[in-house]
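Read through the structure below, which is laid out as structure tokens, and then see the notes.
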Amino acid sequence: MSGLTIAVPRGALFGETLDLLDRLGVDTREVRANERRLVFPDIGVVTMRPSDVPTYVEHGAVDIGITGKDVLLEQDEREVYELLDLGYGTCRMVVAEREGDSAVEESLRRLGAVRVATKYPRITSRWFADTGRQVEIVEVKGSVEIAPLTGLAAAIVDLTATGATLRENQLVEREQICACSARLIANPVAHKLKAREIDELVERIRSLS
Amino acid sequence: MIHPIPSGTRDVLPDEMRELRELSGRLRDAFERAGYGEVWTPTMEYEEVLKRGDERAAGAGYRLFDEHGQVLVLRSDSTIPIARLVATRYRDAEPPLRFCYFAHAYREVRRGSAQAREFLQGGIELIGTPGPEGDAEVVALVSAALEEAGLRRHRIGVGDGSLYRTLLAEYGVPERERMPLLERLSQRDLVGIETHVNRLGLPRPARDVLVTLPTLRGGPEVLERAADGAVAGAIESLRACHELLEQRGVAERVIFDLGLVRELGYYTGAVFEVYDPAVGFALGGGGRYDDLLGRFGRPLPACGMALDIQRVHVAQAEEERIARGEEPL
């Protein structure tokens, strides 16, 4: 990939990221054909879960990477350059709770705080602090939608694209925290030492849209 | 039975210790030959004194009380202590003054980040030589010392930490909008900068400068591209610095980087950062701090730079591997 190594996120952004690489003239057939292989040295591609992308980029194990803005917000201490909004993988970070009367309001009024389940504890804590409400955060790793249904928490903070999963689980969106999409990030040292390669890539991606 | 040590600290055994000593020795020799005598300052200082130099005591992470209830901090860099030392022990000495140091500094670390809580810094401070002349001396000496340590591929980024702030003021960006932009700049969030600048409704040329300036980095040609009226002074200083670096034969080592900012609050102008392709983090950094000594009662312009010796060691080991004919990692 023109002298650069890139971390490619598996999961929701995988397909569109490979499409983007195709349009940049990178032959991604091998990546598409191999579910289990993770490293593709010929084209400078390493695949990994999206939340690991900032780690590999920050440490310079790869020069650049693609991941969601949600991941970057949750790991906001990472020292990486955020170069470009790639425009795909758009979704929203929201506060959602069960349909009907607001359990969040009730909980805040009577219990002084609201219990929220999430995979994004730092985004959640910042949001509730910014809006002047006390929050008890319960961190979960998997499908967070079950938390309000089982009584683990009054509400959830999670990413949603269409809202279908929320509706499916009788949850409604109450607040939007921010919009998220795929971002191109770079290691700070690579950003200086491979400035030409990185700038060329950014220009080519900009010219695609 | 496990006897743990705090994360981010380490024991050093003889093989590594010999190499670290040898590396520090080479750097120290280069600094001493250039007239930078080595000093030592206390590992802990009064918080009140360090705060005189920087509100956050340069980001100190560890505080303790002495037997009188005074707050002591473990130093997080050597620049403020040396400013204090100059103002007290060299009160009447004729500038310029040149010092080097090799000392441990202490900072808080993030969990699971492989960062060091205790790290060995080697650096220089040049006190009393203003502007480009001082900047060029410091950059050239650090580069020469790294060369002697075998880092044949190192580069030094040179920028000016006040550029963006000056531009925002010059373009009449309202006060409350400046802080968020400066924060995004120090977080390296170029997407955030562009989105935020677009919302300000500035005339096209001003908007373009604010969006592109943080991405300008490279040879002296980037200085031409930024020759905007608002920051003409700072750019002129960098150009003068480039000329002096050319005379000293190290200009090709330098990357002018107009988006470069350093976190510490005491920098007033030029800022530096050291890179090597073998390490994903900067090997060190520094800058000009013309107001710091005045806060201790001896107003003198000054600048300096510090290297993280363990990171330099990693780069050195990689250079040696390449020299043996092995593939770069």
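Would you please name the chymotrypsin sites (Phe, Trp or Tyr not before Pro) within region B:233-316 that are DSSP coil residues with at most 10 other C-beta atoms within 10 Å of their C-beta? Don't skip to the end; give the middle numbers.
Details: sites: B:F256, B:Y266, B:Y267, B:F272, B:Y275, B:F281, B:Y289, B:F296; in loops: B:Y266, B:Y267, B:F281, B:Y289, B:F296.
In loop regions of region B:233-316 (DSSP not H, G, I, E or B), there are no sparsely surrounded chymotrypsin sites (Phe, Trp or Tyr not before Pro).
Gaussian network model of chain B, Cα springs within a sub-10 Å range: biggest mean-square fluctuation belongs to which of B:T43, B:T268, B:T195?
B:T195
What total accessible area, in Å², is buried where chains B and A meet, using a 1.4 Å probe and rounding to the nearest 100? Could the numbers behind the result be given before it?
Numbers: alone 16590 and 10960 Å², together 25580 Å².
Summed over both sides, the interface buries about 2000 Å².
Using alpha carbons only, how many degrees (0 to 90, rounded to 10) separate the axis of helix B:14-33 from the longest principal axis of chain B?
60 degrees
Grab the other residues whose beta carbon is less than 12 angstrom from that of B:D257, score K and R as +1, D and E as -1, and report the net.
Numbers: positive: A:K192, B:R155, B:R188, B:R217, B:R262; negative: B:D160, B:E273.
With Lys, Arg at +1 and Asp, Glu at -1, the net is +3.
Leaving out ligands, DNA and RNA, what percent of the accessible area of the protein assembly as shown is carbon and sulfur, probe 1.4 Å?
Numbers: 12500 of 25580 Å².
The computed percentage sits at 49.
At a Cα cut-off below 25 Å, give the lysines reachable from A:K141, other chains included and same-chain residues fewer than 8 away excluded.
Within the straight-line cut-off, A:K141 pairs with A:K69, A:K119.
Calculate the mean, over all residues of peptide A:73-80, of how many other protein chain Cβ atoms lie within 10 angstrom of the residue's Cβ. Walk me through the intermediate numbers first.
Values: counts 0, 0, 1, 2, 3, 4, 6, 3.
For peptide A:73-80, the averaged partner shielding equals 2.
Suppose every Lys and Arg Cβ carries +1 and every Asp and Glu Cβ carries -1, with no other charges. What dipole size does chain B come out with about its Cα centre, to the nearest 20 debye? Working shown, then result.
Values: 42 positive and 53 negative charges, 127 e Å.
Taking the Cα centre of chain B as origin, the dipole is about 620 debye.
With +1 assigned to the C-beta of every Lys and Arg and -1 to the C-beta of every Asp and Glu, and no other charges, what is the dipole magnitude of the protein assembly as shown about the Cα centre in debye, to the nearest 20? Numbers along the way, then the final one.
Working: 69 positive and 87 negative charges, 129 e Å.
That gives a dipole near 620 debye.
What order, most packed first, do the peptides A:146-159, B:62-75 have when packing is the mean number of other Cβ atoms within 10 Å of each residue?
Working: A:146-159: 20.1, B:62-75: 13.1.
For the peptides A:146-159, B:62-75, the packing ranking is A:146-159, B:62-75.
Work out which residues of region B:168-201 lose at minimum 10 square angstrom of accessible surface when the other protein chains are put back, relative to the chain isolated, with a 1.4 angstrom probe, and list them by number.
Hits at the 10 Å² cut-off: B:Q187, B:R188, B:D189, B:L190, B:V191, B:E194.
Running a GNM on chain B with Cα contacts under 10 Å, which residue among B:I124, B:I156, B:I193 ends up with the highest mean-square fluctuation?
B:I193
Between A:E106 and B:H3, with labels modelled 7 Å along Cα→Cβ, what's the label distance in nm to one decimal, could you check?
About 5.7 nm, to one decimal.
Within 10 Å of each Cβ in B:212-218, how many Cβ atoms from other chains are there, averaged over the peptide? Each step should come with its number before you reach the end.
Working: counts 0, 0, 1, 7, 2, 6, 4.
That average works out to 3.
Around A:K119, what is the net charge, scoring Lys/Arg as +1 and Asp/Glu as -1 over all other residues with Cβ under 12 Å from its Cβ?
Working: positive: A:R122, A:K141; negative: A:D70, A:E74, A:E139, A:E145, A:D158.
The answer is -3.
Taking R0 as 35 Å, what's the FRET efficiency between B:E118 and B:E148 from their Cβ-Cβ distance, rounded to 0.05?
0.85
Suppose we keep just the DSSP beta bridges with both residues in the protein assembly as shown; what percent of those would be antiparallel, to 5?
Roughly 75 percent of the DSSP beta bridges within the protein assembly as shown come out antiparallel.
Quick check for you: with a 1.4 Å probe and neighbouring chains kept, what is the accessible area per residue of the protein assembly as shown, in Å²?
Numbers: 25580 Å² over 538 residues.
Spelled out: the 1.4 Å probe surface of the protein assembly as shown, per residue, equals 48 Å².
Testing the spin-label approximation: label points 7 Å from Cα along Cα→Cβ at A:D22 and B:D291. State their distance in nm.
Result for the modelled spin labels: 5.6 nm.
With label points built 7 Å along Cα→Cβ from the Cα atoms of A:E200 and B:E243, find their separation and express it in nm.
According to this spin-label approximation, the distance is 3.4 nm.
Provide a whole-number value for the mean count of partner chain Cβ atoms within 10 Å of the Cβ atoms in peptide B:274-285.
4
Any idea which of B:T212, A:M93, A:L38 is furthest toward the positive side of the dipole for the protein assembly as shown, if Lys and Arg beta-carbons carry +1 and Asp and Glu beta-carbons -1?
Of the listed residues, the answer is A:M93.
The values are calculated or read from the model by the stated rules, or taken from the named source; none is laboratory data. Treat the numbers as computed from the prediction; the structure is a model and nothing was measured. In this analysis, Cβ positions are derived from the backbone assuming ideal geometry, glycine residues included, and neighbour counts consider all displayed protein chains. Remember, those area values only see protein heavy atoms, side chains included, never the ligands or the DNA or RNA. Shrake-Rupley method; radii C 1.70, N 1.55, O 1.52, S 1.80 Å.
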